[in-house]
Amino acid sequence: MDPSDNPSETNSNDSNRVLVCGLGSLGQYSAAALKAFGVLVSAIDLTEPELWEIPELPQLLEQIIIADCRQASVLERAGIHRCRAVLLVTSNERANLEGAFAVRALNPQARLVVRSSKQNLNSLLNQQFGNFAAYEATEVTAPAFAIAALGGDVIGWFKVGDQPFRAIKHPVAEGDV
């Protein structure tokens with residue numbers, strides 16, 4: 001059955017989409033971590049990766065677009081309006097920041113997770129954009145980038161066997177069971 005045949009299934013899938021811009025090592029491992037949590041993942045890169053560090057990843061992705069993630073038409077082709085989050089993890093820090101502006105113009109609600117070492121600029125962008133996180137790739141692992149895309153309540157993750165679990169922050173209220 002095609003998910004588009006069932007509107008309720010399409011709506012639940014639409015809220016579970018993430019776009020990864022950059023398919024270097026960080027992008028590949030972030031995409032794989034997101035897939036492990038059952039997220040629909042699409043990707044954009046300027047060139048097809050010469051090396052797939054995760055050989056089965058191309059088959060796991062919803063789509064791979066070879067183009068510039070800073071272009072509105074490319075983001076629209078990738079379904080930016082349906083994405084809950086976008087990871088901008090190319091090796092070009094300027095392209096990541098320019099991509100963040102392009103994404104925000106097209107999807108003001110999407111969570112932005114950006115590979116960037118510019119701490120002062122990242123702080124300003126967080127104030128301006130909201131729903132924004134920036135990390136230096138040498139200080140944070142790919143799963144941490146992926147977890148950041150899942151939202152503010154996720155504080156970590158762990159595996160039991162091959163099954164990943166998210167640790168989330170949830171205030172307990174009277175009457176919670």
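Summary of computed values
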quantity: Within segment 7-29, tally of residues that are at pLDDT 90 or above, open to solvent by 10 Å² or more (accessible area, probe 1.4 Å) and among the small types (Gly, Ala, Ser); calculated: 2
quantity: Cross-chain or 6+ apart pairs with Cβ under 6 Å, segment 32-54 first and part of a loop (DSSP other than H, G, I, E, B), then modelled with pLDDT of 90 or more and hydrophobic (A, V, I, L, M, F, W, C); calculated: Val39/Val18; Glu48/Ile66; Pro49/Leu23; Ile54/Ala32
quantity: Filter pass, Ala110 being within 21 Å of Leu34 (Cα to Cα) and crowded, with 18+ Cβ neighbours inside 10 Å; calculated: yes
quantity: Top-ranked residue of segment 30-41 - restricted to ones that are modelled with pLDDT of 90 or more and open to solvent by 10 Å² or more (accessible area, probe 1.4 Å), ranked as nearest to Arg84 (Cα to Cα); calculated: Leu40
quantity: Among residues of segment 42-52, those that are out of contact with any Leu (no Cβ under 6 Å at 6 or more places or on another chain) and either under 14 Å from Val86 (Cα atoms) or exposed (fewer than 14 other Cβ atoms within 10 Å of the Cβ) (or both), counted; calculated: 6
quantity: Residue among Asn126, Asn96 that alone is touching a strand residue (DSSP E or B) at 6+ places or on another chain (Cβ under 6 Å), open to solvent by 60 Å² or more (accessible area, probe 1.4 Å) and assigned to a helix (DSSP H, G or I); calculated: Asn126
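Listed here are the residues, each with its yes/no results for (1) over 11 Å from the mean Cα position of the chain (by Cα); (2) of a type outside the set (A, V, I, L, M, F, W, C).
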residue: Ala33; (1), (2): no, no
residue: Val41; (1), (2): no, no
residue: Thr47; (1), (2): yes, yes
residue: Glu50; (1), (2): yes, yes
residue: Cys69; (1), (2): yes, no
residue: Arg94; (1), (2): yes, yes
residue: Glu98; (1), (2): yes, yes
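The values are calculated or read from the model by the stated rules, or taken from the named source; none is laboratory data. Predicted model, so just to flag it, every value in this text is computed and none were measured. Reconstructed Cβ throughout: ideal geometry from the backbone, glycine too, with neighbour counts over all protein chains shown. The protein model used for the area step is the full one, side chains on, heavy atoms only, and it has no ligands, DNA or RNA in it. Shrake-Rupley method; radii C 1.70, N 1.55, O 1.52, S 1.80 Å.
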